[in-house]
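Undergrad: For reference, the structure I am asking about is given below.
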Amino acid sequence: MTGKTLIVYQTKGGATEEAAKKIAETLRSKFHLEVDLVNLKEQKPLELTQYKNVIVGGGVRNGRVYGKVLKFLENDLTGKKVAFFVCSSWAGTPGSYDNAKAKFVEKTLSKYPKVNPMGAEAFGGRIRYFRKTMIDNTDITKVEVWAEELGKKIAQ
């Protein structure tokens, strides 16, 4: 039995929310999973004991993963299949992906030794100023491919 899946995220420019929704859609449609989606900026996470799988996503601003995401990673996720992703314009910029993943994914996770993810990824993001999009290097196809990989791991 695969159990319920929780996807929590924090977004500002919208890229992380789009990624979280695409992951949820993929897990529901292709793997028939029950998925709850929680925007940490708008609501508190649901009781974690009801979930076997937890996917955590956050945006990056000024070189830092959003605070509510970092706070969420402090939860006891022992015994759960966990995945982590960030959306950052840097991760979607040619030649910068490896550095972005190292800095925003691997370095962040190294601060939470109790979190042992089954998957971790960095996706492109969006920069907006005064409600105008300045940079948008999101790649929803890459998000969907990663979600399919997660679905297979959850189903195991």
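Undergrad: Yes or no: the stretch 74-81 includes at least one residue that is within 20 Å of THR138 (Cα to Cα) and open to solvent by less than 50 Å² (accessible area, probe 1.4 Å). Step through it out loud before you land on a result.
TA: Of all residues in the stretch 74-81, those within 20 Å of THR138 (Cα to Cα) come to none.
No, there is no match, as no residue in the stretch 74-81 is within 20 Å of THR138 (Cα to Cα) and open to solvent by less than 50 Å² (accessible area, probe 1.4 Å).
Undergrad: Could you say whether any residue in the stretch 68-83 is among the aromatic types (Phe, Trp, Tyr), assigned to a helix (DSSP H, G or I), touching an Asp or Glu at 6+ places or on another chain (Cβ under 6 Å) and within 15 Å of ILE7 (Cβ to Cβ)?
TA: Pass one, the stretch 68-83, residues among the aromatic types (Phe, Trp, Tyr): 72.
Filter once more, keeping what is assigned to a helix (DSSP H, G or I): 72.
Imposing the further condition that a residue be touching an Asp or Glu at 6+ places or on another chain (Cβ under 6 Å) reduces the set to none.
Among the residues of the stretch 68-83, not one is among the aromatic types (Phe, Trp, Tyr), assigned to a helix (DSSP H, G or I), touching an Asp or Glu at 6+ places or on another chain (Cβ under 6 Å) and within 15 Å of ILE7 (Cβ to Cβ), which makes the answer no.
Undergrad: Would you tally the residues in the stretch 1-23 being assigned to a loop (DSSP other than H, G, I, E, B) and in contact with a helix residue (DSSP H, G or I) (Cβ under 8 Å, 6 or more places away or on another chain)?
TA: Here is the first cut: in the stretch 1-23, the ones assigned to a loop (DSSP other than H, G, I, E, B) are 1-3, 11-14.
Those left that are additionally in contact with a helix residue (DSSP H, G or I) (Cβ under 8 Å, 6 or more places away or on another chain): 2, 11.
Here the count works out to 2.
Undergrad: Within the bounds of the stretch 142-152, is there any residue that is closer than 22 Å to GLY63 by Cβ, surrounded by 14 or more Cβ atoms within 10 Å (Cβ to Cβ), touching a Leu at 6+ places or on another chain (Cβ under 9 Å) and not acidic (Asp, Glu)?
TA: no
Undergrad: Looking at the stretch 111-137, which of its residues are open to solvent by 80 Å² or more (accessible area, probe 1.4 Å) and within 16 Å of the chain's Cα centre (by Cα)?
TA: Scanning the stretch 111-137 gives a single hit, ASN116.
Undergrad: Taking the conditions exactly as written (buried (at least 21 other Cβ atoms within 10 Å of the Cβ) and closer than 21 Å to ALA147 by Cα), does PHE85 satisfy them or not? Even if it seems obvious, please write down each step before you answer.
TA: Details: buried (at least 21 other Cβ atoms within 10 Å of the Cβ): yes; closer than 21 Å to ALA147 by Cα: yes.
So PHE85 passes the test.
Undergrad: Can you tell me which residues in the stretch 138-156 are modelled with pLDDT under 95, among the hydrophobic types (A, V, I, L, M, F, W, C) and within 14 Å of the chain's Cα centre (by Cα)?
TA: Once the filter is applied, which keeps residues that are modelled with pLDDT under 95, among the hydrophobic types (A, V, I, L, M, F, W, C) and within 14 Å of the chain's Cα centre (by Cα), the stretch 138-156 yields only ILE140.
Undergrad: Being open to solvent by less than 50 Å² (accessible area, probe 1.4 Å) and either out of contact with any strand residue (DSSP E or B) (no Cβ under 7 Å at 6 or more places or on another chain) or acidic (Asp, Glu) (or both) narrows it down to one of LYS71, LYS22, LYS103, so name that one.
TA: LYS22
Undergrad: Just for the stretch 111-156: of the residues that are of a type in the set (A, V, I, L, M) and part of a helix (DSSP H, G or I), which one is farthest from THR5 (Cα to Cα)?
TA: Pass one, the stretch 111-156, residues of a type in the set (A, V, I, L, M): 115, 118, 120, 122, 127, 134-135, 140, 143, 145, 147, 150, 154-155.
Now restrict to residues that are part of a helix (DSSP H, G or I): 140, 143, 145, 147, 150, 154-155.
Working: ILE140: 20, VAL143: 17, VAL145: 18, ALA147: 12, LEU150: 11, ILE154: 9, ALA155: 11 Å.
In this case the residue turns out to be ILE140.
Undergrad: A further question on this structure: Please work out which residue is surrounded by the fewest Cβ atoms within 10 Å (Cβ to Cβ), limiting yourself to the stretch 25-51 and to residues that are touching a helix residue (DSSP H, G or I) at 6+ places or on another chain (Cβ under 8 Å) and in a strand (DSSP E or B).
TA: If we take residues in the stretch 25-51 being touching a helix residue (DSSP H, G or I) at 6+ places or on another chain (Cβ under 8 Å) and in a strand (DSSP E or B), then ASN39 is surrounded by the fewest Cβ atoms within 10 Å (Cβ to Cβ).
The values are calculated or read from the model by the stated rules, or taken from the named source; none is laboratory data. What you are looking at is a predicted structure, and each value in this text was computed from that prediction instead of being measured. A quick note on method: Cβ atoms are made from the backbone with ideal geometry, for glycine too, and the neighbour counts reach across all protein chains shown. Protein only, heavy atoms only, side chains kept; ligands, DNA and RNA dropped before computing areas. Shrake-Rupley method; radii C 1.70, N 1.55, O 1.52, S 1.80 Å.
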